[in-house]
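> What follows is a single structure, and I will ask about it in a moment.
The values are calculated or read from the model by the stated rules, or taken from the named source; none is laboratory data. Worth saying up front: this structure is predicted, and the values here are computed from it rather than measured. Cβ placement follows ideal geometry from the backbone for every residue including glycine, while neighbour counts extend to all protein chains displayed.
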Amino acid sequence: MVNRKQRYNLLAFSLIFIIFFLTDCAGKKEKTFTDYRKYYDKGVVAFKKKKWEKAIENFSMALLNSPGGELADDAQFYLGECYFNKKEYLLAISEYQQLTERYTYSPLVEDAYYKIAFSYFKLSPKYQLAQESTLKSLQSLQDFLDAFPDSKYRGDVEEKIQGVRNKLARKIYESGCLYRKLEEWDSAIIYLDNLLETYYDTKWALEAKLEKAHCLIKLRKFDEYNKLIAEIENDDNSLKLKERLEYLKILNKREQGKIEKERKKKQK
(Lines give C-alpha, C1' and ligand atoms only; values in the text may rest on other atoms or scores of the structure.)
Protein backbone atom coordinates (compact mmCIF):
# COMPACT_ATOMS: atom_id res chain seq x y z
CA MET A 1 0.00 0.00 0.00
CA VAL A 2 1.09 3.59 -0.66
CA ASN A 3 1.74 5.38 2.62
CA ARG A 4 0.79 8.98 3.33
CA LYS A 5 4.28 10.34 2.60
CA GLN A 6 4.47 8.60 -0.76
CA ARG A 7 0.99 9.89 -1.59
CA TYR A 8 2.05 13.48 -0.83
CA ASN A 9 5.20 13.07 -2.92
CA LEU A 10 3.16 11.73 -5.84
CA LEU A 11 0.70 14.62 -5.59
CA ALA A 12 3.51 17.18 -5.43
CA PHE A 13 5.17 15.67 -8.49
CA SER A 14 1.89 15.75 -10.39
CA LEU A 15 1.32 19.41 -9.53
CA ILE A 16 4.84 20.33 -10.63
CA PHE A 17 4.34 18.47 -13.92
CA ILE A 18 1.00 20.20 -14.60
CA ILE A 19 2.45 23.64 -13.85
CA PHE A 20 5.42 22.97 -16.11
CA PHE A 21 3.15 21.70 -18.90
CA LEU A 22 0.84 24.74 -18.71
CA THR A 23 3.76 27.15 -18.62
CA ASP A 24 5.37 25.46 -21.61
CA CYS A 25 2.11 25.53 -23.59
CA ALA A 26 1.55 29.18 -22.77
CA GLY A 27 5.07 29.97 -23.92
CA LYS A 28 4.59 28.09 -27.15
CA LYS A 29 1.23 29.77 -27.72
CA GLU A 30 2.76 33.19 -27.12
CA LYS A 31 5.65 32.38 -29.46
CA THR A 32 3.24 31.13 -32.14
CA PHE A 33 1.19 34.35 -31.91
CA THR A 34 4.36 36.43 -32.04
CA ASP A 35 5.64 34.56 -35.10
CA TYR A 36 2.23 34.78 -36.78
CA ARG A 37 1.95 38.54 -36.25
CA LYS A 38 5.56 39.09 -37.26
CA TYR A 39 5.04 37.30 -40.59
CA TYR A 40 1.73 39.06 -41.21
CA ASP A 41 3.20 42.53 -40.59
CA LYS A 42 6.17 41.78 -42.83
CA GLY A 43 3.74 40.62 -45.51
CA VAL A 44 1.80 43.90 -45.34
CA VAL A 45 5.00 45.93 -45.63
CA ALA A 46 6.16 43.89 -48.64
CA PHE A 47 2.71 44.18 -50.24
CA LYS A 48 2.72 47.97 -49.95
CA LYS A 49 6.15 48.00 -51.62
CA LYS A 50 4.75 45.76 -54.40
CA LYS A 51 7.24 43.03 -53.52
CA TRP A 52 4.73 40.32 -54.32
CA GLU A 53 6.94 37.26 -53.83
CA LYS A 54 8.15 38.47 -50.44
CA ALA A 55 4.58 39.24 -49.44
CA ILE A 56 3.41 35.79 -50.55
CA GLU A 57 6.17 34.15 -48.50
CA ASN A 58 5.25 36.03 -45.33
CA PHE A 59 1.47 35.70 -45.62
CA SER A 60 1.90 31.97 -46.25
CA MET A 61 4.03 31.65 -43.11
CA ALA A 62 1.47 33.63 -41.13
CA LEU A 63 -1.25 31.18 -42.16
CA LEU A 64 1.01 28.20 -41.48
CA ASN A 65 1.67 29.42 -37.93
CA SER A 66 -1.93 30.31 -37.15
CA PRO A 67 -4.48 29.14 -39.75
CA GLY A 68 -7.33 30.03 -37.41
CA GLY A 69 -5.95 33.33 -36.12
CA GLU A 70 -7.88 36.58 -36.03
CA LEU A 71 -6.03 37.86 -39.10
CA ALA A 72 -6.03 34.57 -41.03
CA ASP A 73 -8.76 35.70 -43.43
CA ASP A 74 -6.88 38.94 -44.09
CA ALA A 75 -3.69 37.01 -44.83
CA GLN A 76 -5.61 34.69 -47.15
CA PHE A 77 -7.13 37.64 -49.01
CA TYR A 78 -3.72 39.28 -49.31
CA LEU A 79 -2.41 36.11 -50.95
CA GLY A 80 -5.11 36.39 -53.60
CA GLU A 81 -4.28 40.07 -54.08
CA CYS A 82 -0.59 39.27 -54.56
CA TYR A 83 -1.27 36.80 -57.36
CA PHE A 84 -3.86 39.14 -58.88
CA ASN A 85 -1.30 41.94 -59.04
CA LYS A 86 1.18 39.51 -60.59
CA LYS A 87 -1.49 38.81 -63.25
CA GLU A 88 -1.45 35.13 -62.26
CA TYR A 89 -5.23 35.04 -62.24
CA LEU A 90 -5.80 31.30 -61.87
CA LEU A 91 -3.63 31.25 -58.73
CA ALA A 92 -5.43 34.34 -57.48
CA ILE A 93 -8.79 32.61 -57.98
CA SER A 94 -7.56 29.62 -56.00
CA GLU A 95 -6.52 31.82 -53.05
CA TYR A 96 -9.76 33.82 -53.06
CA GLN A 97 -11.77 30.59 -53.18
CA GLN A 98 -9.91 29.27 -50.12
CA LEU A 99 -11.02 32.36 -48.24
CA THR A 100 -14.69 31.85 -49.21
CA GLU A 101 -14.52 28.18 -48.20
CA ARG A 102 -12.44 28.37 -45.00
CA TYR A 103 -13.49 31.72 -43.56
CA THR A 104 -17.19 32.00 -44.34
CA TYR A 105 -17.60 34.36 -41.39
CA SER A 106 -15.15 36.88 -42.83
CA PRO A 107 -16.29 40.35 -43.93
CA LEU A 108 -13.92 39.87 -46.88
CA VAL A 109 -16.04 37.12 -48.46
CA GLU A 110 -17.91 39.54 -50.74
CA ASP A 111 -14.63 41.12 -51.85
CA ALA A 112 -13.18 37.69 -52.53
CA TYR A 113 -16.15 36.65 -54.69
CA TYR A 114 -15.87 39.93 -56.59
CA LYS A 115 -12.16 39.37 -57.22
CA ILE A 116 -12.86 35.82 -58.41
CA ALA A 117 -15.28 37.23 -61.00
CA PHE A 118 -12.83 40.01 -61.86
CA SER A 119 -10.03 37.45 -62.32
CA TYR A 120 -12.11 35.44 -64.78
CA PHE A 121 -12.88 38.72 -66.56
CA LYS A 122 -9.15 39.37 -66.87
CA LEU A 123 -8.64 35.88 -68.33
CA SER A 124 -11.09 36.60 -71.16
CA PRO A 125 -9.16 36.79 -74.47
CA LYS A 126 -9.76 38.97 -77.55
CA TYR A 127 -12.92 38.17 -79.48
CA GLN A 128 -11.00 36.47 -82.30
CA LEU A 129 -9.90 33.65 -79.99
CA ALA A 130 -11.82 30.80 -78.34
CA GLN A 131 -14.21 32.22 -75.76
CA GLU A 132 -14.48 29.50 -73.08
CA SER A 133 -12.90 31.84 -70.50
CA THR A 134 -15.22 34.65 -71.55
CA LEU A 135 -18.28 32.46 -71.00
CA LYS A 136 -16.93 31.47 -67.58
CA SER A 137 -16.35 35.15 -66.84
CA LEU A 138 -19.95 35.99 -67.75
CA GLN A 139 -21.30 33.23 -65.53
CA SER A 140 -19.09 34.26 -62.62
CA LEU A 141 -20.15 37.90 -62.90
CA GLN A 142 -23.82 36.98 -63.05
CA ASP A 143 -23.44 34.60 -60.09
CA PHE A 144 -21.91 37.45 -58.10
CA LEU A 145 -24.90 39.71 -58.74
CA ASP A 146 -27.26 36.90 -57.76
CA ALA A 147 -25.38 36.37 -54.49
CA PHE A 148 -24.84 40.07 -53.69
CA PRO A 149 -27.61 42.09 -55.39
CA ASP A 150 -26.95 45.16 -53.23
CA SER A 151 -23.17 45.02 -53.49
CA LYS A 152 -21.04 48.14 -53.67
CA TYR A 153 -19.52 46.52 -56.78
CA ARG A 154 -22.87 46.21 -58.59
CA GLY A 155 -22.31 49.08 -61.05
CA ASP A 156 -18.85 47.84 -61.99
CA VAL A 157 -20.03 44.24 -62.38
CA GLU A 158 -22.98 45.27 -64.58
CA GLU A 159 -20.58 47.24 -66.78
CA LYS A 160 -18.27 44.24 -67.07
CA ILE A 161 -21.20 41.96 -67.94
CA GLN A 162 -22.17 44.29 -70.77
CA GLY A 163 -18.58 44.35 -72.01
CA VAL A 164 -18.42 40.55 -71.98
CA ARG A 165 -21.75 40.25 -73.80
CA ASN A 166 -20.53 42.68 -76.46
CA LYS A 167 -17.39 40.60 -76.95
CA LEU A 168 -19.36 37.36 -77.35
CA ALA A 169 -21.75 39.09 -79.73
CA ARG A 170 -18.83 40.39 -81.79
CA LYS A 171 -17.48 36.85 -82.10
CA ILE A 172 -20.80 35.60 -83.55
CA TYR A 173 -21.20 38.70 -85.73
CA GLU A 174 -17.81 38.20 -87.39
CA SER A 175 -18.71 34.57 -88.14
CA GLY A 176 -21.94 35.73 -89.76
CA CYS A 177 -20.04 38.33 -91.82
CA LEU A 178 -17.59 35.68 -92.97
CA TYR A 179 -20.38 33.47 -94.32
CA ARG A 180 -22.00 36.51 -95.95
CA LYS A 181 -18.72 37.30 -97.75
CA LEU A 182 -18.55 33.67 -98.87
CA GLU A 183 -22.12 34.11 -100.18
CA GLU A 184 -23.35 31.40 -97.83
CA TRP A 185 -26.48 33.41 -97.12
CA ASP A 186 -28.42 30.84 -95.10
CA SER A 187 -25.44 30.00 -92.90
CA ALA A 188 -24.81 33.69 -92.30
CA ILE A 189 -28.41 34.19 -91.19
CA ILE A 190 -28.16 31.31 -88.71
CA TYR A 191 -25.28 33.07 -86.95
CA LEU A 192 -26.93 36.48 -87.12
CA ASP A 193 -30.21 35.15 -85.72
CA ASN A 194 -28.27 33.50 -82.91
CA LEU A 195 -26.73 36.86 -82.04
CA LEU A 196 -30.09 38.64 -82.16
CA GLU A 197 -31.69 36.04 -79.90
CA THR A 198 -28.92 35.80 -77.31
CA TYR A 199 -27.24 39.23 -77.36
CA TYR A 200 -30.15 41.43 -78.40
CA ASP A 201 -29.09 44.15 -75.94
CA THR A 202 -25.56 44.64 -77.32
CA LYS A 203 -24.26 47.21 -79.77
CA TRP A 204 -23.80 44.43 -82.33
CA ALA A 205 -27.51 43.69 -82.59
CA LEU A 206 -28.11 46.52 -85.08
CA GLU A 207 -25.08 45.46 -87.12
CA ALA A 208 -26.46 41.92 -87.22
CA LYS A 209 -29.82 43.17 -88.52
CA LEU A 210 -28.13 45.10 -91.32
CA GLU A 211 -26.07 42.05 -92.33
CA LYS A 212 -29.18 39.90 -92.23
CA ALA A 213 -31.01 42.39 -94.45
CA HIS A 214 -28.19 42.03 -96.98
CA CYS A 215 -28.54 38.25 -96.93
CA LEU A 216 -32.34 38.41 -97.32
CA ILE A 217 -31.93 40.51 -100.45
CA LYS A 218 -29.57 37.95 -101.95
CA LEU A 219 -32.00 35.16 -101.04
CA ARG A 220 -34.76 37.27 -102.61
CA LYS A 221 -36.87 37.08 -99.51
CA PHE A 222 -38.16 40.59 -100.04
CA ASP A 223 -41.11 40.42 -97.66
CA GLU A 224 -38.82 39.47 -94.77
CA TYR A 225 -36.37 42.15 -95.88
CA ASN A 226 -39.01 44.90 -95.88
CA LYS A 227 -40.24 43.86 -92.45
CA LEU A 228 -36.69 43.89 -91.05
CA ILE A 229 -35.91 47.30 -92.60
CA ALA A 230 -39.03 48.78 -91.01
CA GLU A 231 -37.89 47.39 -87.64
CA ILE A 232 -34.40 48.86 -88.08
CA GLU A 233 -35.72 52.29 -89.04
CA ASN A 234 -37.99 52.28 -86.02
CA ASP A 235 -35.05 51.51 -83.69
CA ASP A 236 -32.47 53.96 -85.01
CA ASN A 237 -32.55 57.12 -87.12
CA SER A 238 -28.88 58.10 -87.04
CA LEU A 239 -27.18 59.58 -90.10
CA LYS A 240 -24.72 56.69 -90.30
CA LEU A 241 -27.60 54.21 -90.32
CA LYS A 242 -29.40 56.12 -93.06
CA GLU A 243 -26.30 55.87 -95.24
CA ARG A 244 -26.19 52.10 -94.75
CA LEU A 245 -29.91 51.75 -95.39
CA GLU A 246 -29.47 53.67 -98.61
CA TYR A 247 -26.86 51.12 -99.70
CA LEU A 248 -29.27 48.29 -98.91
CA LYS A 249 -32.00 49.98 -100.93
CA ILE A 250 -29.65 50.22 -103.90
CA LEU A 251 -28.70 46.55 -103.45
CA ASN A 252 -32.36 45.59 -103.23
CA LYS A 253 -33.16 47.53 -106.41
CA ARG A 254 -30.31 45.79 -108.26
CA GLU A 255 -31.55 42.37 -107.18
CA GLN A 256 -35.06 43.26 -108.28
CA GLY A 257 -33.59 44.30 -111.62
CA LYS A 258 -31.84 40.94 -111.97
CA ILE A 259 -35.14 39.18 -111.38
CA GLU A 260 -36.80 41.25 -114.09
CA LYS A 261 -33.99 40.47 -116.56
CA GLU A 262 -34.26 36.76 -115.76
CA ARG A 263 -38.01 36.90 -116.29
CA LYS A 264 -37.66 38.61 -119.69
CA LYS A 265 -34.95 36.19 -120.75
CA LYS A 266 -37.25 33.23 -120.01
CA GLN A 267 -40.03 34.80 -122.11
CA LYS A 268 -37.85 34.98 -125.22
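> Taking TYR173 and the conditions (1) under 30 Å from LEU129 (Cα atoms); (2) surrounded by 11 or more Cβ atoms within 10 Å (Cβ to Cβ); (3) out of contact with any helix residue (DSSP H, G or I) (no Cβ under 6 Å at 6 or more places or on another chain), which numbered condition does it fall short on, given that it satisfies the others?
For TYR173, the exception is condition (3).
> Of the residues that make up region 67-77, is at least one within 30 Å of LYS203 (Cβ to Cβ) and surrounded by fewer than 16 Cβ atoms within 10 Å (Cβ to Cβ)?
No: region 67-77 contains no residue that is within 30 Å of LYS203 (Cβ to Cβ) and surrounded by fewer than 16 Cβ atoms within 10 Å (Cβ to Cβ).
> Could you name every one of the helices (runs of 4 or more DSSP H) located completely within region 123-221 that has at least 3 residues being of a type in the set (Gly, Ala, Ser)?
132-147, 154-181, 204-218
> Then there's this: I'm told TYR225 meets every condition in (1) over 30 Å from LEU129 (Cα atoms); (2) surrounded by fewer than 19 Cβ atoms within 10 Å (Cβ to Cβ) except one. Can you identify the failing condition by its number?
Failing condition for TYR225: (2).
> Can you name the condition, by its number, that THR104 falls short on among (1) farther than 25 Å from ALA55 by Cβ; (2) not in a helix (DSSP H, G or I)?
(1)
> Any residue at all in region 235-245 that is in contact with a Phe, Trp or Tyr (Cβ under 7 Å, 6 or more places away or on another chain) and part of a helix (DSSP H, G or I)?
No, because not a single residue in region 235-245 is in contact with a Phe, Trp or Tyr (Cβ under 7 Å, 6 or more places away or on another chain) and part of a helix (DSSP H, G or I).
> Take region 228-253 and flag every residue that is without any contact (Cβ under 8 Å) to a residue 12 or more places away in the chain, surrounded by 11 or more Cβ atoms within 10 Å (Cβ to Cβ) and of a type in the set (S, T, N, Q).
Within region 228-253, no residue meets the criteria.
> Run TYR179 past the list (1) more than 30 Å from ALA213 (Cβ to Cβ); (2) buried (at least 19 other Cβ atoms within 10 Å of the Cβ); (3) more than 15 Å from the chain's Cα centre (by Cα) and report the number of the one that doesn't hold.
All conditions are met except number (1).
> Taking the condition out of contact with any Phe, Trp or Tyr (no Cβ under 6 Å at 6 or more places or on another chain), small (Gly, Ala, Ser), on the phi < 0 side of the Ramachandran plot and part of a helix (DSSP H, G or I), does ALA230 pass?
Yes; evaluated as a whole, the condition is true for this residue.
> Something else about it: Taking region 213-229, which residues are hydrophobic (A, V, I, L, M, F, W, C), over 37 Å from the mean Cα position of the chain (by Cα) and within 18 Å of LEU196 (Cβ to Cβ)?
ILE217, LEU219 - these are the residues of region 213-229 that are hydrophobic (A, V, I, L, M, F, W, C), over 37 Å from the mean Cα position of the chain (by Cα) and within 18 Å of LEU196 (Cβ to Cβ).
> Residue by residue through region 112-160, note down the ones that are more than 26 Å from LEU79 (Cα to Cα) and surrounded by 18 or more Cβ atoms within 10 Å (Cβ to Cβ).
The answer is GLN131, and nothing else.
> Continuing with the same structure: Can you name the residue in region 90-108 that is surrounded by fewer than 20 Cβ atoms within 10 Å (Cβ to Cβ) and within 16 Å of the chain's Cα centre (by Cα) and is also nearest to PHE121 (Cα to Cα) among such residues?
Within region 90-108, the match that is nearest to PHE121 (Cα to Cα) is LEU90.
> On to the next question. If the requirement is being modelled with pLDDT of 95 or more, small (Gly, Ala, Ser) and over 23 Å from GLU101 (Cα atoms), which of these qualifies: ALA55, ALA46?
Of ALA55, ALA46, the one residue that is modelled with pLDDT of 95 or more, small (Gly, Ala, Ser) and over 23 Å from GLU101 (Cα atoms) is ALA46.
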